[in-house]
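The values are calculated or read from the model by the stated rules, or taken from the named source; none is laboratory data. Please read all numbers here as calculations on a predicted model, not as lab measurements. As a convention, Cβ positions derive from the backbone with ideal geometry for all residues, glycine included, and neighbour counts pool all protein chains shown. Please note that ligands, DNA and RNA were not included when accessible areas were found on the heavy atoms of the full protein model with its side chains. Shrake-Rupley method; radii C 1.70, N 1.55, O 1.52, S 1.80 Å.
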Amino acid sequence: MRNDNPLGDFLRARREHTAPGGLGLPAGGRRRVPGLRRDEVAVLAGMSTDYYVRLEQGRERHPSAEVINALGRVFGLDADALAHLHQLARPQHRASESDHVGPGLIALLQRWHDTPAIVQNRYGDVLACTGLALAIHPSLTRDRNLVRLLFSTPPNGRSSPTGRSRHVKAWRGCGPTPTPVARASRPWWAS
C-alpha cells in the first residue's frame, strides 16, 4: 500500500473484499479482480464512475460526508470503520515528533532572559518561547499559531478602520503574499 493515498488504498481494499452477490449483483461472469468493479461501487453509491475512480486514484481528495457515508453503506462498514473512512477523507494535523521540544532546547530558552526567541513547527504553531518574546508579542498567549496571528492581529493589538490587519497590508509590494507561503507549509490547503 502506498502512503501518499491512504483513502484510495482503503477504498481499493474494501472494494476487493466486498462480494458482488451480497449486494444483489450477479456473482457469475469473468472478473479480472476479486470483489466489486469500480463502476459497480459508483452505481451503488450514487456517484459517477469517473468520480469514484478519481477518489481511488487520489486525484480527488476532499469528498463530502454524504459521499463517504454512501461508500460506507456499499461496503457494509460498521461504525468504527466508517469513522476511520471519514478520518482518511478529512485528515487532521496530528502532533508528530517535530512538535516535540527537547529538554535541552527548553533549558537554553530559559537561560535567554534578554533575547526574544520562538520555536515553531512547520505549521507555524509556537511550541516554546522566551519570556521576552511573550512580552514583545502578548497575543501569543491567546493564539499560538503565527500564520493565524499574521492575518488576524494588527501590530498595535487594535483593529484597523477597515478591519484588516496591518501585517497583511505590509505584505503588499514585498514579493510573494503570505497565502502561498502558508499553503506551502500546509499541503491540504492547496489541494
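Worth pointing out:
- Label point distance in nm, V101-V33, each placed 7 Å from Cα along Cα→Cβ: 4.7 nm
- Projected area averaged over orientations for the stretch 1-83, convex hull of C-alpha atoms, nm²: 5.5 nm²
- The residues of the stretch 9-90 present an accessible area of 56 Å² per residue when probed at 1.4 Å with all protein chains retained.
- The stretch 31-62: GluC sites (Glu not before Pro) in DSSP coil with no more than 16 other Cβ atoms inside 10 Å: none
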